[in-house]
Amino acid sequence: MPLFLNIETLANGHVELKGELSPEELDMETLDELVEANEPLAYALTAERTGDNVLLRGSLRMRLRCDCARCLRSFEHCIDLPDWSCLLPLAGGEKIVLTGVSADLTPYLREDTFLAFPQHPLCEPGCGKTPKRTGRGAHSLKIREATSRSDEASVWAELDNLNLD
Ligand SMILES: [Zn+2]
């Protein structure tokens with residue numbers, strides 16, 4: 001179930017929201033091949049009206065499958081935001097989009113969870129399976145390998161040319 005909040009129910013006080021958003025509902029595209037988001041996002045939130053805003057407060061949790069940027073070992077990373085909060089304006093230029101009286105909260109949960117994704121996933125702090133590298137670990141390693149391969153190829157090409165002469 002996508003996460004919809006009926007704004008009118010907030011007139012009677014706060015509303016508890018608890019459940020899970022599936023990976024399909026989140027429709028989250030990870031830009032990093034080292035991070036895979038294929039487990040649901042669990043939320044336990046309280047929504048309340050504060051003036052012209054809706055305040056969301058609570059916890060977000062999501063398990064990720066990551067590959068270590070240094071040693072490429074696969075491991076589990078848990079995103080845990082126990083004190084998450086978000087202020088949704090009901091008026092003004094930034095106001096949230098309503099479908100009838102309901103607001104889809106999914107994009108707000110998705111965005112903050114996404115921002116909590118590890119930028120440089122490591123299987124353990126200070127993993128040192130390979131010598132320290134600058135930049136993006138495995139990525140720079142791949143680039144380096146590709147470069148050395150093409151260097152090698154051009155060396156062989158040159159030798160071939162010599163043989164022909
Ligand atoms: Zn590692």
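Values computed for the structure shown
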{"item": "The range 58-74: number of residues that are within 14 Å of ASP112 (Cβ to Cβ) and either open to solvent by 50 Å² or more (accessible area, probe 1.4 Å) or within 16 Å of the ligand (Cβ to nearest atom) (or both)", "result": "1"}
{"item": "Of all residues in the range 33-57 being within 14 Å of the chain's Cα centre (by Cα) and not aliphatic (A, V, I, L, M), the one that is most open to solvent (accessible area, probe 1.4 Å)", "result": "GLU33"}
{"item": "Evaluation of PRO107 against (1) within 16 Å of the ligand (Cβ to nearest atom); (2) without any contact (Cβ under 8 Å) to a residue 24 or more places away in the chain (one fails), failing number", "result": "(1)"}
{"item": "Test: residue in the range 76-90 that is without any contact (Cβ under 8 Å) to a residue 24 or more places away in the chain, open to solvent by less than 50 Å² (accessible area, probe 1.4 Å) and more than 16 Å from the ligand (Cβ to nearest atom)", "result": "no"}
{"item": "Where THR30 falls short, out of the listed (1) at pLDDT 95 or above; (2) more than 16 Å from the ligand (Cβ to nearest atom); (3) among the hydroxyl-bearing types (Ser, Thr, Tyr)", "result": "(1)"}
{"item": "Tally, over the range 7-32, of residues that are out of contact with any helix residue (DSSP H, G or I) (no Cβ under 7 Å at 6 or more places or on another chain), assigned to a helix (DSSP H, G or I), open to solvent by less than 100 Å² (accessible area, probe 1.4 Å) and touching a residue at least 60 places away in the same chain (Cβ under 8 Å)", "result": "1"}
{"item": "Set ARG70, ARG144, ARG136, ARG149: member being at pLDDT below 95 and touching a Leu at 6+ places or on another chain (Cβ under 7 Å)", "result": "ARG70"}
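The values are calculated or read from the model by the stated rules, or taken from the named source; none is laboratory data. None of these values were measured; they are calculated from a predicted model. Cβ atoms come from the backbone with ideal geometry, glycine included; neighbour counts cover every protein chain shown. Accessible surface is based on the protein model in full, side chains and every heavy atom, while ligands, DNA and RNA are left aside. Shrake-Rupley method; radii C 1.70, N 1.55, O 1.52, S 1.80 Å.
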